[in-house]
Amino acid sequence: MIGQGENSRSLADIAAQLGGDVLGDGQTLITQVATLASAGKSDIAFLANRKYRSQLQATRAAAVILAPDAADGFAGPRIVTANPYAYYARVAALLNPASATFGGFHASATTESELPKSVSVGSHVCIGKNVIIGEGVSIHSGCVIGDGVTIGEGTVLYPNVTIYHGCRIGVRGIIHSGAVIGADGFGFAPDGREWVKIPQIGVVEIGNDVEIGANTTIDRGALDDTIVGDGCKIDNLVMIGHNCNIGPYSVIAGCTGMAGSTTLGEHCILGGASMISGHLTLAPNTTISGASTVMRSIVEPGGVYASVFPLDSYEHWMRNASHIRRLSKLAERVSDLEKQLKEKHTEG
């Protein structure tokens, strides 16, 4: 079970702050969130997926968050809301507020820029020249911030984040450990056997309320900037190439790779391990299933796309693969047969 929260609330208090309709005893005290299966007598659980509805009868939760069409499935105290999953997330944040940031400027840290007194700087942090950092920013141990970087107020950089020169980070950002923002894009011009490095003179511009996962890399632009829009959520181990433009409120799951000059419209969703070829555009509200490879632009908004063969035994997979290799010849034979049939029909 999740550890007990230190910010207990009654159902009535929760609804007063977050909305929703309370059914049953509004004075029921809630100390933590939990799943239907693991919840205890002071926990609030939630039902977001109908396949777990059978667990409502057995749960020991003090209360449950439910959608209107499931409200009658639980007899105890409950909060009814249109989006139980999002409501659960807000309750979890309410009961588990972010821990207070550490304070001060560690003696081992160095800076060549003026910082507000409200900025917290951990051990062995290195901050370059002409850096502008907003109020309440927290920079944990081992971070390196290059010359001319801008970081908006309330942003948190976890240990060992590197932000290269000139990059701009919006307000209330969260950048997890090991992320690299603004490294050179993969730009080389062929000259015979050699590859001539193309200077990457753009930067990375990250909007407000963006979260970037651990060990994710976002390359700086070659000429224009690489852009990550407001409200984007990017998972761990994601690679975003130079000159990409990620539309606001897009979500990118772990191990996704995005080649240079890709443009995502607003509110796109990329499943884990997606691969996006360069110089493509995905329309707003496009969803790409996990492990898919996108080789062409998508112009119709709101579509869901996949390019994955279902998992199969090795023997079946090899048999299918051999058929795939023969598809081109089969298509030619079909075309020839259709042509012959058409000629015979014409002669007849």
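The values are calculated or read from the model by the stated rules, or taken from the named source; none is laboratory data. Predicted model only: the values in this text are computed from it and were never measured. Note: ideal-geometry Cβ built from the backbone for every residue, glycine included; neighbour counts use all protein chains shown. Just so you know, the surface numbers come from the protein's heavy atoms only, side chains and all, with ligands and any DNA or RNA stripped out. Shrake-Rupley method; radii C 1.70, N 1.55, O 1.52, S 1.80 Å.
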State whether one or more residues within the range 288-297 are free of Cβ contacts under 8 Å to residues at least 60 places away in the same chain and touching a Pro at 6+ places or on another chain (Cβ under 9 Å). no
Just the residues that are open to solvent by 70 Å² or more (accessible area, probe 1.4 Å) and either modelled with pLDDT of 95 or more or within 31 Å of the chain's Cα centre (by Cα) (or both), please, taken from the range 59-74. Arg60, Pro68, Asp69
Could you list, in sequence order, the residues of the range 126-160 that are within 15 Å of Ile175 (Cα to Cα) and hydrophobic (A, V, I, L, M, F, W, C)? Ile133, Val137, Ile139, Cys143, Val144, Ile145, Val149, Ile151, Val156, Leu157
Whichever residue in the range 82-100 is in contact (Cβ under 8 Å) with a residue 40 or more places away in the chain and within 12 Å of Ile14 (Cα to Cα) and, among such residues, is most open to solvent (accessible area, probe 1.4 Å): Arg90
May I ask you to verify whether Asp224 is open to solvent by 60 Å² or more (accessible area, probe 1.4 Å), out of contact with any strand residue (DSSP E or B) (no Cβ under 7 Å at 6 or more places or on another chain) and over 15 Å from Leu264 (Cα atoms)? yes
Given Glu205, Glu211, which one is within 22 Å of Tyr249 (Cβ to Cβ), surrounded by fewer than 18 Cβ atoms within 10 Å (Cβ to Cβ) and at pLDDT 95 or above? Glu211
Go through the range 134-151 and report how many residues are out of contact with any Ser or Thr (no Cβ under 6 Å at 6 or more places or on another chain) and either more than 17 Å from Ile212 (Cβ to Cβ) or open to solvent by 10 Å² or more (accessible area, probe 1.4 Å) (or both). 7
Selection from the range 227-247 of residues that are assigned to a loop (DSSP other than H, G, I, E, B), open to solvent by 30 Å² or more (accessible area, probe 1.4 Å) and either more than 19 Å from Val203 (Cβ to Cβ) or of a type in the set (S, T, N, Q) (or both): Asp235, Asn236, Leu237, Asn243
Would you call Glu266 of a type outside the set (A, V, I, L, M, F, W, C), part of a strand (DSSP E or B), in contact (Cβ under 8 Å) with a residue 12 or more places away in the chain and out of contact with any helix residue (DSSP H, G or I) (no Cβ under 8 Å at 6 or more places or on another chain)? no
Let me confirm something: among Val334, Val308, which residue is out of contact with any helix residue (DSSP H, G or I) (no Cβ under 8 Å at 6 or more places or on another chain), among the aliphatic types (A, V, I, L, M), in a loop (DSSP other than H, G, I, E, B) and surrounded by 10 or more Cβ atoms within 10 Å (Cβ to Cβ)? Val308
